[in-house]
Amino acid sequence: NAAAAATVVHSHTWYTGMAEDVLGAYPSLDPGRVHVVRNGIDTQAWHPAPPVEGDSVLEELGVDRSRPIVAFVGRITRQKGVSHLVAAAHHFAPEVQLVLCAGAPDTPEIAAEVASAVQQLSDARSGVFWVREMLPTTKIREILSSATTFVCPSVYEPLGIVNLEAMACATAVVASDVGGIPEVVADQQTGLLVHYDPNDTASFERELAYAVNALVGDPEKARQFGLAGRQRCIEEFSWAHIAE
């Protein structure tokens, strides 16, 4: 019975468009029964986890833990904005290392494009590490926990679970201000949001680098953002909270 059913959507950002579609398909449905239920995260599984000696992915990669680490985790697609991050990394502070956990390209063209861009970046600076295979949660958790900041350069994102994973690991986030990301990343509280304009991607890349360098240059602020992000995950995005 459509009139009696309650409909849920996972993001306030999606609410307007999705609610219109649902109400158009089920005109007898009471608009007051369309509710937002956010996606959540298991904060018991995602938590700060320092490297384990003898079983450290960072050690395997050769990452220097005395230097700042910037991390990315995601598929190689236009949506995820990997190319923008690699371009921005040319302007990162010299001491910054970039750990790219990026695989599963959705087209041969973008696979070749990213491979070429990463090679050019590696030729221009040290500390570029590209992990192409899928890693288990324990190793992703180690990378996120060890990073000064996690970067999400998506050009669109319905919500951005990966940002929650980074925040749950107490890592500051630098992210684009698209889709549902601003619902997750509290600007100037748990990270920094960067405006994305599809007509001016060069500015987006420069501002990504600026935001990363700002946090790398102020590790105490990055640490405070990370702690606030972990708390935000527990209070607003944990499954225990969402089930209430």
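Looking across 109, 60, 113, one residue alone is within 20 Å of residue 176 (Cβ to Cβ) and without any contact (Cβ under 8 Å) to a residue 60 or more places away in the chain. It is 113. With respect to the conditions (1) loosely packed, with under 15 Cβ neighbours inside 10 Å; (2) modelled with pLDDT under 95; (3) among the hydrophobic types (A, V, I, L, M, F, W, C), residue 112 falls short on a single one, namely (2). Show me the strands (runs of 3 or more DSSP E) entirely contained within segment 119-213 in which 3 or more residues are crowded, with 24+ Cβ neighbours inside 10 Å and at pLDDT 95 or above. By residue number, 149-152, 172-176, 191-194.
For segment 61-88, the set of residues classified as surrounded by fewer than 21 Cβ atoms within 10 Å (Cβ to Cβ) and either of a type in the set (D, E, K, R) or within 17 Å of residue 193 (Cβ to Cβ) (or both) consists of 64, 65, 67, 75, 78, listed by residue number.
Which residue out of 178, 173 is of a type in the set (A, V, I, L, M, F, W, C) and over 28 Å from residue 50 (Cα atoms)? After applying the criteria, what remains is 178. Here residue 220 meets each of (1) free of Cβ contacts under 8 Å to residues at least 12 places away in the same chain; (2) in contact with a strand residue (DSSP E or B) (Cβ under 7 Å, 6 or more places away or on another chain); (3) under 19 Å from residue 67 (Cα atoms) with one exception, condition (2). Close Cβ contacts (under 8 Å, 6 or more residues apart or on different chains) running from residues in segment 163-190 that are β-branched (Val, Ile, Thr) to residues that are at pLDDT below 95 and outside any helix (DSSP H, G or I) comprise 178/156; 178/157; 181/157; 181/159; 181/160; 184/159; 184/160; 185/160.
The values are calculated or read from the model by the stated rules, or taken from the named source; none is laboratory data. Since the structure is predicted, the reported quantities are computational estimates derived from the model, not experimental observations. Quick reminder, even Gly has a Cβ in these numbers, built from the backbone with ideal geometry, and neighbours come from all protein chains shown.
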